[in-house]
Amino acid sequence: MDLLPGQRLARGVCRHLRGLDFMSLVEFVPAPGLRVDVIALGPRGEIWIVECKSSRPDFTSDRKWAGYLDWCDRFFWAVGPDFPLEILPEEAGLILADPYDAEIQRWPHPVPLAGARRRALTQRFARAAASRL
């Protein structure tokens, strides 16, 4: 099966996150109407969302990403090495990725989730992970 460009980026991101002791899921639905490319759960319960963008049109056509900010402690864009970085919002994190690995280039400031939302999201993450086994 051939992967789409964004899926190849997500693959490298997930491999990198595993090295940071984060478990990740691709194409996760944190709430109705939202679907994130990668969500990751860290060793201390922190939740990161990574949106993978393969091109300028892919980025400019995405109107939902701001809604993802309420569902994570840190939000990152993951892009390939030829992506026009100047179009990405600077307040988000930045990950350069390829199908095999990734590297965090810019860290976003953490915005901690409320306890109740973290608990509900962690349970949703666990159930989704178990259903994919």
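Normalising the average separation of contacting C-alpha pairs (under 8 angstrom, six or more residues apart) by the number of residues puts the relative contact order of the chain at 24 percent. Taking the C-alpha atoms only, the angle from helix 5-19 to the longest principal axis of the chain is near 50 degrees. Rounded to the nearest 20, the Cβ-based charge dipole of the chain about its Cα centre (Lys and Arg +1, Asp and Glu -1) stands at 660 debye.
Distance between the modelled labels on residue 18 and residue 62, one decimal in nanometres: 2.2 nm (7 Å Cα→Cβ projection).
Ordered by solvent-accessible area of protein heavy atoms (1.4 Å probe), largest first, the residues 104, 47 come out as 104, 47.
Shape analysis of the range 19-61 places it in the oblate category; the axes a ≥ b ≥ c from the Cα gyration tensor give an a/c of at least 1.5, with a/b not above b/c.
A simple spin-label model places pseudo-atoms 7 Å from Cα toward Cβ; at residue 132 and residue 107 they are separated by 2.6 nm.
In a Debye calculation with equal point scatterers on the alpha-carbon sites of the chain and no solvent, what is log10 I(q)/I(0) at q = 0.22 Å⁻¹? Cα-only, vacuum Debye calculation for the chain: -1.50. How would the range 57-119 be classified by its alpha-carbon gyration tensor: rounded, prolate or oblate, with rounded meaning a/c under 1.5 and the a/b versus b/c comparison settling the rest? Taking the square roots of the gyration eigenvalues as a ≥ b ≥ c, the range 57-119 is prolate.
Between the amide H of residue 78 and those of 51, 52, 53, 95, distances stay under 5 Å, these residues lying 5 or more places away or on another chain, with hydrogens modeled in the peptide plane.
Helix 115-132 against the longest principal axis of the chain: what's the angle in degrees, Cα atoms only, rounded to the nearest 10? Value to nearest ten degrees: 70.
When the solvent-accessible area of the chain is split by element, carbon and sulfur atoms take up 55 percent of it, the probe being 1.4 Å.
The values are calculated or read from the model by the stated rules, or taken from the named source; none is laboratory data. The shown structure was predicted, so the numbers you read here are calculated from the model rather than taken from an experiment. Note that each Cβ is placed from the backbone with ideal geometry, even for glycine, and that neighbours are counted across all protein chains shown. Side chains included, ligands, DNA and RNA excluded: accessible areas come from the protein's heavy atoms. Shrake-Rupley method; radii C 1.70, N 1.55, O 1.52, S 1.80 Å.
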